[in-house]
1. What angle do you read, to the nearest 10 degrees and between 0 and 90, between the alpha-carbon axis of helix 78-89 and the longest principal axis of the chain?
2. Bin by bin, in steps of 5 Å, what percent of the Cα pairs in the stretch 50-133 do you find, going until the bin that has the longest distance?
3. How large is the direction-averaged shadow of the alpha-carbon convex hull of the chain, in nm²?
4. What does the helix-only formula give at 222 nm for the chain: each DSSP H stretch with n ≥ 4 adding -39500 (n - 2.57), the total divided by the residues, and the result rounded to the nearest 500 deg cm²/dmol?
5. Quick check for the chain: number of Lys pairs with alpha-carbon distance under 29 Å, counting only pairs 8 or more apart or on different chains?
6. Just to compare against my own numbers: the Cα pair-distance distribution for the stretch 214-355, 10 Å bins, whole % per bin, please.
7. Please arrange R319, R56 by how many other C-beta atoms lie within 10 Å of their C-beta, fewest to most.
8. If I model the stretch 194-293 as equal point scatterers sitting on the Cα atoms and use the Debye formula, what is log10 I(q)/I(0) at q = 0.18, 0.23 Å⁻¹?
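Bear in mind that the values in this text are calculations on the coordinates, not laboratory data. Given the structure is predicted, the values throughout are model-derived calculations rather than measurements. Ideal geometry is used to build each Cβ from the backbone, glycine not excepted, and the neighbour counts take in all protein chains shown.
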Amino acid sequence: MSELGFTTRAVHAGYDPDPRTGAVNVPVYASSTFAQDGVGGLRDGYEYARTGNPTRTALEANLAALESGRYGRAYASGMAATDCALRAMLRPGDHIVIPDDAYGGTFRLIDKVFTGWGISYTAAAVADIDAMRAAIRPETKLIWVETPTNPLLNIGDIPALADIAHTSGAKLVVDNTFATPYLQQPLLLGADVVVHSTTKYLGGHSDVIGGALITDDAELDTAFAFLQNGAGAVPGPFDAFLTLRGTKTLSLRMDRHCDNAETLAEFLSRTPAISKVIYPGMPEHPGHAVADKQMRRFGGMISVRLAGGLEAARNLCARTEVFTLAESLGGVESLIEHPAAMTHASTEGSDLEVPADLVRLSVGIEDISDLLSDLEQALSR
Ligand SMILES: Cc1ncc(COP(=O)(O)O)c(C=O)c1O
């Protein structure tokens, strides 16, 4: 369906109305197993729901269509998808390049688990192409990036990173969780694999945990499917249904997230209590030109540094009333958090440690006047 527009694909890809009942939404196939017409006589290819479930199949086809990819696989969480990609693509002795401000959970998995299995890594600044190139070793098999990164919103140049990876015999994996396929399409920019925490904008309502891998490479997809079934980190059918319901409105929500974030970033940049606003949509952001080239808009995430340091950061998090103090991001409701103590606590003491005066905002779709007044009151106390 890739010739159709993004929102048409979001609404329709993966499922046609049920031929028997006409149901316009895919049912939640709450069945762990599927009857066979004689041994091996599968109806529609389904045998056991860890291997495949029709609700999950609809989600996987939808996600592939959104990323303009051929193959999609859904997982029980973004970390399960990340783990599957790393295990499918790396072997003992291999080396991986990651951003020096990678999501804390991704860093923890690589640093605490994969190094124990003989994988080494180098963390480099994703926005610094020379640093990323210099991090490559003969045994490098993967460049793994987020762009924008979590939580510092650095921007990596996807075509340039793909070029570095491919000339070194490595693959490029892009975690597209922050941008979403509405704002950025890494496979069309040269990436080999896209990873998502569908928990975030794709699900969009903070009511489900999930992850996904999308690729055009049949061999990689076979390896992902093998581990999806073999290791079994699959989403249940209700989780798949909720995520699919979320993707249908992705473009509408993202435009509103972007509208609100642009206004708030501008307001925060005029606020003396804030020493720095980090938002890729601002011309002074060092990655603005690259973001402008490869993204439709600049997203709903803003990070700020507080002039009053750690205490001011914690106070801001405690004082907002419309912004809820909570981990995660990408839902319809605005969230605020303190990365050093919350989402990125696992980076403490490492090269990836985040600044103590940093606060991350996931700007929701509420009325902008309420979001502005909330930040204004929280910063003026
Ligand atoms: C960029 C990014 N990647 C991956 C993950 C992990 O996803 P999940 O929490 O669904 O396991 C997160 C979670 O915050 C994230 O922000």
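1. The helix 78-89 is inclined about 70 degrees to the chain.
2. The distribution over the stretch 50-133 is 3, 12, 19, 19, 17, 16, 11, 4, 1, 0, given as percents.
3. 19.3 nm²
4. Computed mean residue ellipticity for the chain: -10500 deg cm²/dmol.
5. 13
6. The calculated distribution, bin by bin, is 9, 27, 33, 23, 8, 0.
7. So the residues, fewest neighbours to most, are R319, R56.
8. Taken in order of the listed q values, log10 I(q)/I(0) reads -0.97, -1.16.
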